[in-house]
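Below is one structure, written out as C-alpha cells; the observations come after it.
Values in this text are rule-based calculations from the coordinates and carry no lab data. Keep in mind it's a predicted model, so treat the numbers as computed, not measured. Glycine also receives a Cβ, built like all others from the backbone with ideal geometry; neighbour counts cover every protein chain displayed.
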Amino acid sequence: MFIHIMTSENYYHISFIKFIERNFSTKQHHFVFRSKNTKRSNYKETTSIKEKPNFISLILFIPQLFRAKRIYIHYLPYGISLPFWVIFSLLSKKLVWIFWGGDIYIYNEKNNNLKTRFYELCRKIIIRRLGNIAGFLTEDFNLIKKIYKTDAAYTKTIYPLPINFTELSQGENVSKGKTIKILAGNSADPSNNHFELLHILERFKDEDIQVICPLSYGRDAAYSLRVNDEGFRVLGEKFKPLLHLLPPTEYSKILQEVDIAIMNHQRQQGLGNLISILWLGKKVFVRSDTTTFSYFKSEGIAVWDTLDIKNQSFESFILMNPNDAIKNKTLVLNVFSEHHYIELWSNVFSVK
C-alpha cells in the first residue's frame, strides 16, 4: 500500500489522482488530505480519499502509516505535521518527499519568528533522515542537498498538468495592429514580485497592450488588493486582474489569447502556466537567476530573461522567431506526455 499525504485539494492534486486512477491500481494507492472540504465527487468511488486536518487525526492514522510500503509527502511546508514526522522517526525509512518548489524556498522564512525556527529545525531533522526525494528540477534537488546536507537519492518526476493540451489550440503569433496580451505572474503570492514587474512594464504603457494578472490564488487578500490598486495606477485600463479562481477550461481560454508570459519569481513557480504557454508557441520570460530558466535552457527550450526587459524596445520585447515556437511545442510534448508521466511515476513508486 502506498499512502500519499497532500495539503489542501487543488487542481494539481486532482489531476495527479485522476492520473493514478487511469494508470495505476487505486487499491494500492491511498490519498490523505491535510485539510477539510475535499470534493469527493472529483474522484472515482473506489478511490480511497481521507482527510487528516490536525495532529490528533494523524496520531489516529498511525497504524495505517506503519502498514504502508511507502508514504509520499507531496509538499513539505511549515506546519504541525513536521513535529509528527520527527517524533515518529521509525516512519522515516518509508517517507519519500516530493518537492514542489515553495517547500524548498520556505527556508528563507526560517528566522521570521520562534515558530518558524522550530519548524525549520524539524525540517532539517526530517530531510536528513530521508532516503528518497523526488521532484521535477534537478537544480532544485541540488539546492536541497546544499541547504540540508542530505544523502537522499533523487528520482526525477513531473506532476501531470491540470490543463489538457488537446483542448488548447495554437494561438496567433504576435502581429502588428493587434493588442499584445501579457500574462504577468501566476498567482497572488508575493513571490511573483508583482510591484517590480508592474514597474518594468510601465515603460510600455503607451503601447497597445493588455496586462492580465492572476490574483485569485494566494493566502494574502490584502496583498492582492495592493497589487490590484498598483496595477490600475501604473497601467490604467490596460491592467486586467483575474480576481476569481477560474476552472481549468476557462483559464485555458485566457492562455490561448496571451501573446507573452512574464514570470518574475526568484524561484521555481508557475511551471504549469509556462509549459502551457510554451506549447501554444507564445513568448515566455523567466528570470535568469532561477532554476526554471536553467532547466528550460538545458532542454533547448527557448525562453527569455525577465531581467532584460528593462533594456528592450517594445519591438524587441514582442518579437519571436516562429521556428522557436515550433521547437518549443515539440520539446514540451516530449516531456509532458502521459507516456512520460507513467514512466517517471513508475520510477518513483519503485524506489528502494
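Between Asp305 and Ser35, residue separation times 0.36 nm minus the direct Cα-Cα distance comes to 93.5 nm.
Taking other Cβ atoms within 10 Å as a rough exposure proxy, Ile133, Ile87, Ile106 sort from fewest to most as Ile87, Ile106, Ile133.
Rounded to the nearest 500, what is the chain's calculated 222 nm mean residue ellipticity when only DSSP H runs of at least 4 contribute -39500 (n - 2.57) each, over all residues?
For the chain, the value works out to -11500 deg cm²/dmol.
Using unit Cβ charges (K, R positive; D, E negative) and no other charged atoms, how large, in debye to the nearest 20, is the dipole of region 165-335 about its Cα centre? Using only the charged Cβ atoms, the result is roughly 140 debye. For region 242-334, trypsin sites (Lys or Arg not before Pro) are listed when DSSP marks them as loop and at most 10 other Cβ atoms sit within 10 Å of their Cβ; the list is empty.
Between Ser350 and Arg226, the FRET efficiency from the beta-carbon distance, with R0 = 45 Å, is close to 0.45. In region 165-335, the ratio of gyration radius to Kirkwood radius, Rg to Rh, stands at 0.93 when only Cα atoms are counted.
Since only Leu235, Phe165, Ala221 are under comparison, the one whose Cα sits farthest along the positive direction of the charge dipole of region 165-335, derived from C-beta charges on Lys, Arg, Asp and Glu, is Phe165. Ranked for footprinting exposure by Cβ neighbours inside 10 Å, fewest first, Ile301, Ile56 give Ile56, Ile301.
Show log10 I(q)/I(0) for the chain at q = 0.11 Å⁻¹, two decimals, from a solvent-free Debye sum over equal Cα scatterers. Debye output, listed in q order: -0.78.
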